[in-house]
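The values are calculated or read from the model by the stated rules, or taken from the named source; none is laboratory data. Values in this document were obtained by computation on a predicted structure and should not be read as measured data. Methodologically, a virtual Cβ is constructed for each residue, glycine included, from the backbone with ideal geometry; neighbour enumeration extends over all protein chains shown. We work out accessible area using only protein heavy atoms, side chains counted, and drop any ligands, DNA or RNA first. Shrake-Rupley method; radii C 1.70, N 1.55, O 1.52, S 1.80 Å.
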Amino acid sequence: MEPEHRAVLRKFRVHLSDQLLVSDSIVPFLFQEGVLTEAQVEQVEGQLTNRQKNLKLLDILPNRGPRAFGAFLEALQDFSWIRDQLLLELQNTASAGTPGQNTPGTGST
């Protein structure tokens, strides 16, 4: 997972843990897509409350490879307002970082 994706998940951790119902569609989708293993699904589902399940998923997800964030966004089809917030944050982060970066062709020649 890209560092900016991890940062967005960290920034929205509390919001996501309060809003999502991961057992219904998110965890099964991530398992189907090969992002989560069967053992990780059991770890998430073994938690007692929805909030704990969400937090466990958010603990596991950043270490699940380059496809994990994209698959997570796809899994949020029932939570489109949350997906839109995450995407907006990524856009804002990317556009805020662009002007300050040194790119070839800038500076003195």
*Report, by chain and number, residues whose modeled amide H sits under 5 Å from the one on L36, excluding near sequence neighbours (fewer than 5 apart, same chain).*
F31
*Could you compute the FRET efficiency for L73 and T49, with r as their C-beta to C-beta distance and R0 at 22 Å, rounded to 0.05?*
0.35
*Relative contact order (%) - criterion: Cα under 8 Å, at least six apart; region: the chain*: 34 percent
*What fraction of the Cα pairs in the chain, stated in percent, has a spacing above 24 angstrom?*
27 percent
_J(HN,Hα) series, the stretch 13-28, from Karplus relation 6.51 cos²θ - 1.76 cosθ + 1.60, nearest Hz, glycine and proline x_ = 3, 5, 4, 5, 5, 8, 9, 8, 10, 5, 5, 5, 9, 6, 5, x
*At a Förster distance of 35 Å, what's the computed FRET efficiency of A96 paired with E38, Cβ-Cβ distance as r, to 0.05?*
0.35
*asked:* Once neighbouring chains are kept in place and the probe is 1.4 Å, which whole percent of the accessible area of the chain is contributed by carbon and sulfur?
replied: 50 percent
